[in-house]
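Working notes, structure below.
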Amino acid sequence: MPNPRQWASSRARRALYASLRVTLGELGYEEVETPLLVPRPGMEPHINAFEVDFTSEMDPRPPSTLYFHTSPEYAMKRLLADGAGAIFQICKVFRNGELSDAHNPEFSMLEFYRSGADYHRIMEDLEQLLAQAEAVVNDATRAFRQVPYQRLAFRDAFFDATGLDLRRCPDVLSLREQARQLGISIGPEASFEDAVGHLFVQKVEQNLGSNGPIFLIEYPAPMASLARLKSEDPSVAERFELYVRGRELANGFSELTDVKEQRRRLLEEQSQRRLAGRPPYPLDEKFLDAVSRLPPCSGVAVGLDRLLMTLLQVDRIQDVLLFPAHLF
């Protein structure tokens, strides 16, 4: 049975969602709904989708495999390619194998996209959104009211915490050598993304946002498979993540609109999945067609359970869910 804290979080969730819808409407966004079951999931190397067997009882088509989506991103970009200007969605998403105090295999996400905007504009929209939500859900926390939030380049945060200068590391070999000189061991099988990601979680992440919300911006290019590279410095992408008290709340970027580059990146991720022993999902050709027609645009995904945890000042995702996974 849900405890009093979980019931209180359920009431706060209703207030949060109502606030999000009102503010996004005021900012010019239109709410959409896309399928939870999709024929092609996202290709991220470290995310596994739940598979569902589908057998039609209405016609003789052969059985097929569907997936619970790990993000509504692919479908929403198809809408953007067809002329949607500014859209948002609040939905459930599913990721197999994720279970901890900050993860649940089924969780809630807000995604919103705006045509004709870059990642700077989306960060500004997100600041307004969170400031209004905090005023409605928990006016006492005052964590999100002081805008604009601090911006910090990923490479600067990484250097400050590890002493490793990613400006001098275009690949994993140079990263491994620089790490060796500093007495940091990187395994021979690790990719650039794996090595940086591991060090980031161990050395950097827990200190981010300790004095208020902070946007970590301009991630290394290999760590942004769906993001546009920065024209002035193509070694980094126009990607950001929002952190508060060491907890990642949002991930966004200026969207990649080069279909040839997008196909290359997805094929590379498909290969990484295969090498890691994970299912190498087929490419989503309808998504790739949409990328070829995308206008300049940007978007962001916000973990609503983690946002609620921050607003209610609790440390476990189980405290903001009426039925967390361990209860089943």
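The values are calculated or read from the model by the stated rules, or taken from the named source; none is laboratory data. Owing to the predicted nature of the structure, the values given are computational and were not obtained by experimental measurement. Positions of Cβ are backbone-derived with ideal geometry, glycine not excepted, and every protein chain shown enters the neighbour counts.
For the reader, a short list of remarks on this structure follows.
- Considering each residue of the stretch 47-66 in turn, at least one proves to be at pLDDT below 95, in a loop (DSSP other than H, G, I, E, B) and in contact with a Phe, Trp or Tyr (Cβ under 7 Å, 6 or more places away or on another chain).
- Residue in the stretch 157-179 that is among the small types (Gly, Ala, Ser), buried (at least 18 other Cβ atoms within 10 Å of the Cβ), within 29 Å of ARG306 (Cβ to Cβ) and in contact with a helix residue (DSSP H, G or I) (Cβ under 7 Å, 6 or more places away or on another chain) present: yes
- Within the stretch 147-156, the set of residues being assigned to a helix (DSSP H, G or I) and in contact with a helix residue (DSSP H, G or I) (Cβ under 9 Å, 6 or more places away or on another chain) comprises PHE154, ARG155.
- Given (1) assigned to a helix (DSSP H, G or I); (2) crowded, with 20+ Cβ neighbours inside 10 Å, index of the condition THR70 fails: (1)
- Of the residues ARG247, ARG293, the single one that is basic (Lys, Arg) and buried (at least 16 other Cβ atoms within 10 Å of the Cβ) is ARG247.
- Matching residues in the stretch 159-186 - criterion: being of a type in the set (A, V, I, L, M, F, W, C), touching a strand residue (DSSP E or B) at 6+ places or on another chain (Cβ under 9 Å) and in contact (Cβ under 8 Å) with a residue 40 or more places away in the chain: LEU166
- Out of PHE253, PHE287, sole residue that is surrounded by 21 or more Cβ atoms within 10 Å (Cβ to Cβ), under 17 Å from HIS69 (Cα atoms) and in contact (Cβ under 8 Å) with a residue 60 or more places away in the chain: PHE287
- Residue in the stretch 14-30 that is closer than 23 Å to GLN262 by Cα and either hydroxyl-bearing (Ser, Thr, Tyr) or under 21 Å from the mean Cα position of the chain (by Cα) (or both) present: no
- Taking the criterion of being assigned to a loop (DSSP other than H, G, I, E, B) and not aromatic (Phe, Trp, Tyr), the residues of the stretch 204-220 that qualify are LEU208, GLY209, SER210, ASN211, GLY212, PRO213, GLU218.
- Inclusion of ARG21 among residues that are under 29 Å from MET309 (Cβ atoms) and of a type in the set (D, E, K, R) is warranted.
- Any hit, the stretch 105-125, residues being more than 26 Å from SER235 (Cα to Cα), modelled with pLDDT under 90 and of a type in the set (Ser, Thr, Tyr): no
- Residue that is nearest to LEU288 (Cα to Cα), among those in the stretch 90-127 that are of a type in the set (S, T, N, Q) and over 14 Å from the mean Cα position of the chain (by Cα): SER115
- Cross-chain or 6+ apart pairs with Cβ under 9 Å, the stretch 3-31 first and closer than 14 Å to LEU312 by Cβ and surrounded by 17 or more Cβ atoms within 10 Å (Cβ to Cβ), then modelled with pLDDT of 95 or more and of a type in the set (Ser, Thr, Tyr): ARG13/SER108
- Note on the stretch 103-146: residues that are in contact with a strand residue (DSSP E or B) (Cβ under 9 Å, 6 or more places away or on another chain), of a type in the set (A, V, I, L, M, F, W, C) and not in a helix (DSSP H, G or I) amount to 7.
- Across the stretch 91-102, the qualifying residues are those that are small (Gly, Ala, Ser) and part of a loop (DSSP other than H, G, I, E, B), and the one among them that is surrounded by the most Cβ atoms within 10 Å (Cβ to Cβ) is ALA102.
- Single condition PHE88 does not satisfy, out of (1) assigned to a helix (DSSP H, G or I); (2) aromatic (Phe, Trp, Tyr); (3) more than 30 Å from SER271 (Cβ to Cβ): (1)
- Taking strands (runs of 3 or more DSSP E) as the structural unit, those lying wholly within the stretch 221-323 and holding at least 3 residues that are within 17 Å of the chain's Cα centre (by Cα) correspond to 239-244, 247-254, 297-303.
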